[in-house]
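Since the structure comes first, as structure tokens, the remarks are kept for the end.
Just so it is clear, none of the values below were taken in a lab; they were calculated from the coordinates. Because the structure is predicted, anything quoted here is derived from the model rather than measured. Here Cβ is always computed from backbone atoms with ideal geometry, including for glycine, and neighbour counts include all displayed protein chains.
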Amino acid sequence: MSGAPIENNEHETGRRSHKMLASTAAANAFQKQFGADLKRRVVDDGEPYAIVQADTPHEIFHAMDIPIVTNQWWAAYISAKQLSGRYFDVMTKHGYPENACKYCSLGLACTLAADPATAPWGGLPKPAVLVARMTCDCIQHVFTQWAAALGSEFFPMEAPAWEHKDPGWFARSRTEWRSVYDPDRIALMVAEMRDLIALLENRTGKRFDEAKFQHLMAQINLQEGMIWEAAQAIGTARPCPVSIAEQMPNTMIPQWHRGSDWAVAHARRFRDEVMTRVDAGLGAAANEKIRLMWIGAGVWHDPGFYQALEETLGAVFVWSMYMPFAGPAYIRDLDGRPMEALASRICGMNEVLHLPPWMNGWMVSEAARCGIDAAIMLMPPDNRLSQSGNKITARSLEDAGVPVLVIDADMVDAKTWDHDAMVATVGRFLHEKRLA
Amino acid sequence: MIASVGPALPHDLFAASGRYAGPLGWSLDRPMPFAARWMETKFAPWAASILEDWAAGAFDAYEAVVFARADDNAQRLYYYLCELRRQGVLAGPEPLVFDSAQGSRTTSLDRTTAMVRKLAARLDIDDSALDGAIVATNAARAKRAELSRSPKTCLVAGTAPPDRGLHDAIEAQGWHAAGPVLADVWADAGPPVDAGTGDPCAAIGRQLWKSPLGNRAVHDGATKLAAAVAATSASAVVLWYSEDEEAGVWHLPAERKMLDDAGIATLVLTRRPWGRDDDGAAAIGEFLRGVTA
């Protein structure tokens, strides 16, 4: 599902993105320091930690002060270090077919390479546990093998079917989350989280503090509320004050640390900076003419892609899922039931981004809210989960008057990506649609 | 009548309904323009075939079709069909999803049992019908377990293929071919269900929770393959994985190692088209000509 912006690194096929906001520099600096601190805790100090998927309840770990390495963040880190191609080759040498799902397996590949001299951090040490929701057919197999390779344990969480299908979920997820996400699905995830807490207490010796958890949930509402406020301003402002190249890190980096004092303060700082730019009429591009929507995970190996057509065509990527997702996917009226509210946040996190009617319902609404002229959709060739829902969503957008360009590429595999060719393809599409 | 799509479904419950027509079929060698419009490339071709036929009204005679959450293609197809019905793009029977949870903790067992009860209620099946169906289905299971054995057996493992083309290639070399095609997997009622427990839904839930069927089962692929080799007394194995396979392929290295360690002749074919695989059949012929049973 979601990916992980980290500090920029020039890549052999990509381009650096340019940044305007002080918040962006601050977020990247924090994340760089966080990476160093996390490495110290996990590698140097040998503190018990967990490897987790992005769509798992990080809040549990934060409330227990257990460090986590998020698989997607780690994959993006590896990718930014220009090691993804090497590790894909490692997987092939280990006998896995080349078309095996890449996004979730880069961390496993790094472990299997067993080459501390070149691995980031020298490679990950043994975690206390690995946690993933079983949202696709491959993830439990990847995590089971990764756990075995690291000598640890895999804690799978169910991703149950969702029979209450509400295309307008995003308008009700804050207040009516019990019915939107199905009470029985919420109850299952709460029971699983209780099991996870028991396991973590057993493995780490740390205790789950309900009061601390409740405070964390309230802080997350505060944080995501400010991000959502900024997202709404970005949707209505002309020109767009902040490109997605800066929306992503300012949303995602605090989201990795959601509920922390720094994350709340950063969300406030970012919101204020966005509002200042809106008030001053400042745009991400000098001459905004075309407002673009990016559908899919970020192309982490080429962050400059998103700004490549700003100067020549005035084409600005004003929307990606990461920032507007903060509102409907994260904010919950707690009503004294923070664990259930958390379950409702997690149990649909992947589904609403990749399955109809949630995906298309939300994206059509978002395109209208943000005045989108055209959408560019990422279609990873070897990943059913990431492909899923794309064609129905593309059709829904086109029916709503938003032309869609589908590009076949992978979010972490730079081998199939050619910056100049991709930029040219988007440019041609915009000309063909008479937008440029 | 009702039908099904996918593995690891409650076949005893289907039998108790008295109106189960079996799994839906598919047909691959034809244009599928409707499916191409709505479905992405990484879906298994059978999913595209079912979508195409659904839109053409081929399943209109069914009251409902039950899709397996245990298979990612099947569960995603369920959501696609629900949405296309909602949009009025197609009609046809009511899509239902059976949500089996196969994690090792009791939370997953409880979930699966609850879903058995829910489907039984939806199909208006009572406990006494379920009790009778469990006994009858267990008898059918016992009968099917009487495998024919041959001194010269080659097992087809990996992705369950769409038809017996690979099996035919094996038999053309004078070998007995073992291993299920996809229709067999979907029709597999799984291991026996405890009979006479007084709570048939719970018994079916337990059976499905522990079942090795379905892609969501957390299992050791090499151990599962070793059991299949032992059950069929296979002296050769064709490990055949399709282009769209996402689950079993993660066990390929361990499966190869297990077979190498056991000294079993093995042919590995990956990224194969899930359809007529003439190159694969030719490779099987060449492979088996070099194997001494």
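A few remarks follow.
- Taking amide H atoms as placed 1.01 Å from N in the peptide plane, the amide H of A:MET377 lies under 5 Å from those of A:ILE295, A:LEU405, A:VAL406, A:ILE407, each 5 or more residues away in sequence or on another chain.
- Normalised by the number of residues in chain A, the average gap of Cα pairs under 8 Å and 6 or more apart makes the relative contact order 21 percent.
- The fewest-to-most ranking of A:LYS289, B:LYS42 by surrounding Cβ atoms within 10 Å reads A:LYS289, B:LYS42.
- Once the GluC sites (Glu not before Pro) in DSSP loops with at most 16 neighbouring Cβ atoms within 10 Å are cut out of chain B, the longest remaining piece is B:147-293.
- Cα long-axis angle, helix B:200-210 against chain B (0 to 90 degrees, to the nearest 10): 30
- Helix-derived mean residue ellipticity, 222 nm - over the protein assembly as shown, DSSP H n ≥ 4, -39500 (n - 2.57), to 500: -14500 deg cm²/dmol
- Cα centroid separation, segment A:125-157 to segment A:46-82 (Å): 13
- Sorting B:ASP60, B:ASP12, A:ASP302 from the fewest to the most surrounding beta carbons within 10 angstrom yields B:ASP60, A:ASP302, B:ASP12.
- Those trypsin sites (Lys or Arg not before Pro) in segment B:75-178 that DSSP places in a loop and that have at most 12 other beta carbons within 10 Å: B:ARG149
- Whole-number D in µm²/s for the protein assembly as shown (Stokes-Einstein; Kirkwood sum over Cα pairs; 20 °C, 1.002 mPa s): 80
- Counting beta carbons within 10 Å around each of A:HIS431, B:HIS11 and listing the fewest first gives the order A:HIS431, B:HIS11.
- Segment B:228-284 - Rg and Dmax from Cα coordinates, angstrom: 11.9, 31
- For segment B:137-293, the share of alpha carbon pairs falling in successive 10 Å distance bins from zero is 10, 38, 34, 14, 4, 0 percent.
- Space enclosed by the convex hull of the alpha-carbon atoms of segment B:40-81, per residue, Å³: 68
- Working from Cα pairs under 8 Å separated by at least six residues, relative contact order for segment A:318-436 is 21 percent.
- For the residues B:VAL97, B:VAL135, B:VAL65, a GNM of chain B with alpha-carbon springs under 10 Å puts the largest fluctuation on B:VAL135.
- Computed over segment A:80-211: relative contact order in percent, which uses C-alpha pairs under 8 Å that are six or more apart: 16
- Per-q log10 I(q)/I(0), segment A:144-221, q = 0.12, 0.21, 0.23 Å⁻¹ (Debye; single scatterer per alpha-carbon; no solvent): -0.54, -1.10, -1.15
- For segment A:217-294, convex hull of alpha carbons as volume per residue, Å³: 80
- Listed pairs A:LYS93/B:LYS257; A:LYS19/A:LYS39; A:LYS165/B:LYS118; A:LYS415/B:LYS257; A:LYS39/A:LYS81 exceeding 19 Å between Cα atoms: A:LYS19/A:LYS39; A:LYS415/B:LYS257
- Scattering curve values for chain B, log₁₀ I(q)/I(0), Debye with Cα scatterers, q = 0.16 Å⁻¹: -1.33
- Cα centroid separation, segment B:94-123 to segment B:173-215 (Å): 16
- Legend: calculated FRET efficiency, A:ALA36 to A:ASP408, from the Cβ-Cβ distance at R0 = 45 Å, rounded to 0.05, equals 0.80.
- Rounded to the nearest 10 degrees, the inclination of helix B:106-122 to the longest alpha-carbon principal axis of chain B is 60 degrees.
- What you get for segment B:2-133, charging only the Cβ of Lys and Arg (+1) and of Asp and Glu (-1), is a dipole of about 400 debye around the Cα centre.
- Computed from the C-alpha gyration tensor, the three semi-axes of the ellipsoid equivalent to chain A are 31, 26, 21 Å, from longest to shortest.
- Placing unit charges on each Cβ (+1 for Lys and Arg, -1 for Asp and Glu) gives segment B:2-133 a dipole about its Cα centre, and among B:PHE14, B:VAL66, B:SER104 the Cα reaching farthest toward its positive end belongs to B:SER104.
- Taking only the alpha carbons of segment B:166-207, we obtain Rg and Dmax values of 17.0, 51 Å in that order.
- Share of Cα-Cα pairs in segment B:30-144 lying beyond 19 Å, as whole percent: 58
- Model label zone, A:ARG203; criterion: amide N under 11 Å from point 7 Å along Cα-to-beta-carbon; scope segment A:102-142: A:126-132
- Restricting segment A:121-195 to trypsin sites (Lys or Arg not before Pro) that sit in a DSSP loop and have at most 14 other Cβ atoms within 10 Å of their own Cβ leaves A:ARG172.
- Taking 14 Å as the cut-off, the amide N atoms of segment A:340-365 that come nearer than this to a point 7 Å along the Cα-to-beta-carbon line of A:ALA171 belong to A:361-365.
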